[in-house]
Amino acid sequence: MVYKDNGFFAFAKDHATMQNAGVHFLEEPRHEAYGTVAIFEDLYGNVWDLLQLK
């Protein structure tokens, strides 16, 4: 999935929207050398990254 807001990736907005929709995040967003990441699970237990690259 790619979430965009006016052409720019809107990590915080998308994280909040997903959280409010009931998405189960395994951790709070964290900052890494390559960008910002938050790990979440889908309905089947698959693990995904919500990622904003620098």
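Using the number of other C-beta atoms within 10 angstrom as an exposure proxy, rank Tyr44, Tyr34 with the fewest first. All intermediate terms of the calculation are to be shown ahead of the outcome.
Working: Tyr44 5, Tyr34 10.
So the residues, fewest neighbours to most, are Tyr44, Tyr34.
Sequence-ordered 3J(HN,Hα) estimates for the stretch 41-50 from the Karplus curve with 6.51, -1.76 and 1.60 and θ = phi - 60° stand at 10, 8, 5, 9, x, 6, 9, 10, 10, 8 Hz, glycine and proline given as x.
Bear in mind that the values in this text are calculations on the coordinates, not laboratory data. Keep in mind that this is a model prediction, so the values were computed, not measured. Note: ideal-geometry Cβ built from the backbone for every residue, glycine included; neighbour counts use all protein chains shown.
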